[in-house]
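Notes follow the structure.
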Amino acid sequence: MASSAALPGRPRITLRQRLSLWDRSITAYGFIAPFFVLFFAFGLYPLLDTAWVALHRESLTASGSSWVGFDNFTWLFGNEYFRKSLLNTVTIGILSTVPQLLVALGLAHLLNMKMRGRTFFRVIMLMPYATSVAAAALVFAQIFGTDSGLLNWLLGTVGISPVAWEPGHWTSQIAVSTIVIWRWTGYNALIYLAAMQAVPGDLYEAAAIDGASKWQQFRNVTLPSLKPTILFTVVVSSIGATQLFGEPLLFSAGAGNANPLGGSSHQYQTMGLLMYQQAFTDGSLGRAAATAWTMFVIIILVTLLNTLLVSGRIRIPGLRRKGARA
Amino acid sequence: MSAVLEKPTTPAAAQSPRRRNRRSGAGDVQRASWPTYVVLTVVSLVSVYPLYWALVGGSRTSADISSDPPPFVPGGNLWTNLKTAWDDGHMGKALLNSLVVSGSIALGTVLFCTMAGFAFAKLRFKGNNALFGFTVATMMVPPQLGIIPLYLLMSKLHFNNHIISVILPTLVTAFGVFFMRQYVTQAVPTELLEAGWIDGASTSRIFFSIVIPIVRPAMTVLGMITFLAAWNDFFWPVVTLSSDNPTVQVALNNIGVGYFTDYSIVFAGVVAGTIPVIVVFALLGRQIVGGIMQGSLKG
């Protein structure tokens, strides 16, 4: 920008150039303004305000609120159902994230091969991602039905007696995790695939010359190259798992009624469900906000932990090597 | 459109040397053998069967679905079930609402994010880097955690139970800005913009007549991904909308609550709410796959 003013023989910028420079910076602010106005008003402000609400007793029905300090948090951590939902969120998170990412990694490896119908397979595997959580959860609620569910019928054909999926602790958590795995595996496989295609072929060539087997190449070339991407998917999946809501909410439709309790003994009530229950069933916005804030802290901790596990340095994949993963 | 991702000006072009490497037979890409096809076919079936099962169930009676063995082909009850879902689940209104909501969000996101992305990529102004860094940092913060104050805010504005409450908060995304900035940086030559400025064009003029035509492929991809995400959004619409003015997902939630014994109605609702997305997907699946692999950063 400044270079045009420094051209030889033109010691002073003309009015027109001045206008042009002025136009560029004003336009820049004008162009980012809609984003920031909307972003602050409806994205960041509510998020920050959650911290404020969490320190108040605030009800959905009555107006006004009163300062209660950390009472909401004290109440939460002493509450049986909160602790249960915290534990459920962690176990369902592990049950859904670990198999999902491992399968996605394997699928990406297969999809990276030369074959017929590559695009077809990629599109088909992304179909669950395009399916809404509501549709998926309702269909899976039937599939996991105890008396007339599709899965129990299938198990019956190989001589396994019906499983009471919904009432059981682990069985219901596995079922809810299955919905998550079904929806997100293909999506993650595509992300891994994009990263795999960015690995330079020379590395494999060199490895092959050194006598590395296909497995050794995968283990020593592919996996290290995918590290930032793997970290990214782990973080994103963990964030998603921490907020799990639609799947357990509608999975209970299979038990008779969709509600935020997460089963008769809260066996699959996640923190997301509990937050919804506190806010919009019990009408206690302060406690709900305290739950949200706890989820937020967990997300930060999980993200930090994952990042530290890899390198101790925060790195958003794609930011630096964006072109490499296009 | 099918060729857009391979256009030389796109970021996808950046990987062409690598593609060449792979084609030239460097040891990385094996040729698939039959077990690969078997595994991929099984995974494809698992990916599609639940959706097909909804179609089978939605076109039959509740008794059919729970019969032993369960039906494997669609029956003739789809219209009856759809009518029930339509009348009692407000499915017609839900589809219209979802169309308006997803359409506005997609248009708004594409326009505002392209504007901001262009400004961050090609305009120099005070705070450019700081503001962009801040935007990227917030991508990791889940918006769902702000639901309660957002609900209170919308109450104050009297927007709850109005679709505007669903449109406003998602009209822009940090991801969209990031995505468009990356694309503009790589696809739009700065010399071209400089030439425009020297010719006396205003920055807005340059944006609309030079930048937009070049980045249209990325705008299309961002628009489709945003449309899908908006169509499928669940938590916030369930909180802010009621059963008499639902989006498709809210309507499905209500059908799940009300018709728990009759899966044929529930499935008919699922079919009605999913078919538009599947149609979009069948037509543009390739581009969406390309967009996701290109974006790679969407949470």
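The values are calculated or read from the model by the stated rules, or taken from the named source; none is laboratory data. Nothing here was measured: the structure is a model prediction, and the numbers come from that model. No Cβ is skipped: glycine too gets one built from the backbone with ideal geometry, and neighbour counts run over all protein chains shown. Ligands, DNA and RNA are excluded from the accessible area calculation, which covers all protein heavy atoms including side chains. Shrake-Rupley method; radii C 1.70, N 1.55, O 1.52, S 1.80 Å.
Checking A:Thr91 against (1) in contact (Cβ under 8 Å) with a residue 12 or more places away in the chain; (2) open to solvent by 50 Å² or more (accessible area, probe 1.4 Å), which single condition isn't satisfied?
(2)
From the list B:Ser243, B:Ser296, which residue is out of contact with any strand residue (DSSP E or B) (no Cβ under 9 Å at 6 or more places or on another chain), polar (S, T, N, Q) and modelled with pLDDT of 80 or more?
The conditions single out B:Ser243.
Quick check: anything in the range A:197-206 at the interface with chain B (Cβ under 8 Å from one of its Cβ atoms), touching a residue at least 24 places away in the same chain (Cβ under 8 Å) and part of a helix (DSSP H, G or I)?
Yes.
Just to be sure I understand, how many residues within the range A:147-160 are more than 8 Å from chain B (Cβ to nearest Cβ) and crowded, with 18+ Cβ neighbours inside 10 Å?
Total meeting the criteria: 3.
Considering the range B:33-74 alone, what residues qualify as being surrounded by 14 or more Cβ atoms within 10 Å (Cβ to Cβ) and over 31 Å from the mean Cα position of the chain (by Cα)?
Result: B:Thr61, B:Ser62, B:Asp64, B:Ile65, B:Ser66, B:Pro70, B:Pro71.
Determine if the range B:68-75 includes at least one residue that is out of contact with any Leu (no Cβ under 7 Å at 6 or more places or on another chain) and part of a helix (DSSP H, G or I).
No, that holds for no residue.
Residue by residue, here is whether (1) at pLDDT below 90; (2) closer than 29 Å to A:Ser148 by Cα holds:
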| site | (1), (2) |
| --- | --- |
| B:Ala12 | yes, no |
| B:Ser24 | yes, no |
| B:Leu45 | no, yes |
| B:Pro50 | no, yes |
| B:Ala54 | no, yes |
| B:His90 | yes, yes |
| B:Lys93 | no, no |
| B:Leu99 | no, no |
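Against the condition within 13 Å of chain B (Cβ to nearest Cβ), at pLDDT below 90 and under 30 Å from B:Arg124 (Cα atoms), how does A:Gly64 come out, does it pass?
Spelling it out, it is not the case that A:Gly64 is within 13 Å of chain B (Cβ to nearest Cβ), at pLDDT below 90 and under 30 Å from B:Arg124 (Cα atoms).
When A:Pro228 is evaluated against the numbered criteria (1) facing chain B (nearest Cβ under 10 Å); (2) over 24 Å from B:Tyr263 (Cβ atoms); (3) outside any loop (DSSP other than H, G, I, E, B), which criterion, by number, is the only one it fails?
Single failed check for A:Pro228: (1).
For A:Gly262, all conditions in the list (1) out of contact with any helix residue (DSSP H, G or I) (no Cβ under 7 Å at 6 or more places or on another chain); (2) more than 10 Å from chain B (Cβ to nearest Cβ) hold save one; what is the number of the exception?
(1)
Considering only residues of the range B:99-119 that are at the interface with another protein chain (Cβ under 10 Å from one of its Cβ atoms) and under 16 Å from the mean Cα position of the chain (by Cα), which is surrounded by the fewest Cβ atoms within 10 Å (Cβ to Cβ)?
B:Leu111
Do we find a residue being surrounded by fewer than 24 Cβ atoms within 10 Å (Cβ to Cβ), away from every other protein chain (no Cβ under 11 Å), farther than 25 Å from A:Tyr129 by Cβ and modelled with pLDDT under 95 anywhere in the range B:223-236?
No, the range B:223-236 has no match at all.
Identify the residue in the range B:134-171 that is over 23 Å from A:Ser238 (Cβ atoms), free of Cβ contacts under 8 Å to residues at least 24 places away in the same chain and part of a helix (DSSP H, G or I) and, among all such residues, is least open to solvent (accessible area, probe 1.4 Å).
Selected residue: B:Pro149.
Among the listed residues B:Ser264, B:Ser209, B:Ser202, identify the single one that is more than 11 Å from every other protein chain (Cβ to nearest Cβ) and either among the polar types (S, T, N, Q) or surrounded by 23 or more Cβ atoms within 10 Å (Cβ to Cβ) (or both).
B:Ser209
Yes/no matrix, rows are residues, columns are (1) part of a helix (DSSP H, G or I); (2) modelled with pLDDT of 95 or more; (3) open to solvent by less than 10 Å² (accessible area, probe 1.4 Å); (4) on the phi > 0 side of the Ramachandran plot:
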position: A:Phe140; (1), (2), (3), (4): yes, yes, no, no
position: A:Pro162; (1), (2), (3), (4): no, no, no, no
position: A:Gln173; (1), (2), (3), (4): yes, yes, yes, no
position: A:Ile181; (1), (2), (3), (4): yes, yes, no, no
position: A:Ala208; (1), (2), (3), (4): yes, no, no, no
position: A:Thr222; (1), (2), (3), (4): yes, no, yes, no
position: A:Thr233; (1), (2), (3), (4): yes, no, yes, no
position: A:Gly240; (1), (2), (3), (4): yes, no, no, no
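So, in the range B:120-129, of the ones that are in a helix (DSSP H, G or I) and within 12 Å of another protein chain (Cβ to nearest Cβ), which residue ends up surrounded by the fewest Cβ atoms within 10 Å (Cβ to Cβ)?
Going through the qualifying residues, I end up with B:Asn128.
I'd like to check something: does the range A:297-311 contain any residue that is β-branched (Val, Ile, Thr) and at pLDDT 95 or above?
So far as the range A:297-311 goes, no, none of its residues is β-branched (Val, Ile, Thr) and at pLDDT 95 or above.
Answer yes or no as to whether B:Val184 is in a loop (DSSP other than H, G, I, E, B) and under 27 Å from B:Gln294 (Cα atoms).
no
Please name all residue pairs, on different chains or six or more residues apart, with Cβ atoms under 8 Å, provided the first residue is in the range B:174-196 and is open to solvent by less than 20 Å² (accessible area, probe 1.4 Å) and the second residue is modelled with pLDDT of 90 or more and charged (D, E, K, R).
Within 8 Å, the pairs are B:Val184/B:Lys122; B:Val188/B:Lys122; B:Leu193/B:Lys122; B:Gly196/B:Arg205.
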